[in-house]
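Down below is the structure, laid out as structure tokens.
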């Protein structure tokens with residue numbers, strides 16, 4: 001039982017540190033949020049571009065029933081390569097600039113006030129479950145529930161799963177935005 005108390009106390013300190021951080025640095029938090037949204041949008045379009053290009057060049061077959069383990073690994077390696085080139089390359093630079101040009105210049109005393117990191121290894125497990133449930137609902141409403149998977153195309157699978165991800169991220173983003181606005185409004189009342 002004591003462990004739960006320690007975890008709850010650590011979570012409270014983490015939340016308090018986040019509130020202080022957002023209250024003091026609204027402008028930078030807004031910039032980081034814009035960068036995060038831009039990175040997500042670019043990552044999604046990069047992924048869709050890779051899917052289309054690999055099918056157009058016959059690198060992978062469009063019918064899922066024709067896929068092999070080799071096609072799967074070819075697909076994954078291409079996605080990883082292009083996401084690194086078109087997304088991670090500039091996101092890493094932006095993170096390093098923010099860290100060294102701004103965060104590292106904050107007074108040491110202030111940086112120690114912020115408690116970063118997750119207090120639980122289980123954080124985020126519900127997102128995967130939610131995406132899967134939404135995807136299954138989409139498959140049902142699209143009329144593909146009883147359709148053999150080997151008759152699906154890669155596009156059909158990718159777009160239906162991507163819609164499920166966007167729905168869950170949209171809900172999570174909306175809740176996160178509401179939380180940030182709430183934190184910012186609490187910071188102005190002081």
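The values are calculated or read from the model by the stated rules, or taken from the named source; none is laboratory data. Note that the structure is predicted; figures quoted are calculated from it, not measured. As a convention, Cβ positions derive from the backbone with ideal geometry for all residues, glycine included, and neighbour counts pool all protein chains shown.
Of the listed requirements (1) modelled with pLDDT under 90; (2) surrounded by fewer than 16 Cβ atoms within 10 Å (Cβ to Cβ), residue 25 misses just one: (2). Could you check region 111-156 and list, in sequence order, the residues that are touching a helix residue (DSSP H, G or I) at 6+ places or on another chain (Cβ under 8 Å), in a helix (DSSP H, G or I), modelled with pLDDT under 85 and under 25 Å from residue 22 (Cβ atoms)? 111, 113 - these are the residues of region 111-156 that are touching a helix residue (DSSP H, G or I) at 6+ places or on another chain (Cβ under 8 Å), in a helix (DSSP H, G or I), modelled with pLDDT under 85 and under 25 Å from residue 22 (Cβ atoms).
From the list 60, 85, 37, 42, which residue is at pLDDT 90 or above, under 25 Å from residue 158 (Cβ atoms) and surrounded by 16 or more Cβ atoms within 10 Å (Cβ to Cβ)?
60
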